[in-house]
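Read the structure below first, then the notes.
Nothing in this text is a laboratory measurement; each read-out follows from the coordinates by a stated rule. On a predicted model such as this, the values are computed, not experimentally measured, just so you know. No Cβ is skipped: glycine too gets one built from the backbone with ideal geometry, and neighbour counts run over all protein chains shown.
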Amino acid sequence: MTVNCGGMWGGVAVRFEYYRENARECLRLANTTSDPGSKATLIDMALAWRRLADQAESFRGQSYTHLALILDRETACGGC
């Protein structure tokens, strides 16, 4: 079974709402399958997305300007 609960990375910004939506989608998919292994995997994925959302939300409002400087330098020198 092939599922897509996570989608593509849409940018650099961490958005806890995006992670929570992925968790909800994994749970929705888990409720549509009768395969116990797939169901367990999707529930595990939902829990992981939820933990990531909680972690991202806890970081909200913190300053990460030092990371922006590192990324800018790497971009400017072509990944050197």
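Listing for the model above:
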| item | result |
| --- | --- |
| Cβ-based exposure ranking for 17, 25, 57, in which fewest neighbours within 10 Å come first | 17, 57, 25 |
| Ascending count of other beta-carbon atoms within 10 Å, so fewest first, for 59, 16 | 59, 16 |
| Residue order, fewest to most beta carbons within 10 Å, for 42, 47, 52 | 47, 52, 42 |
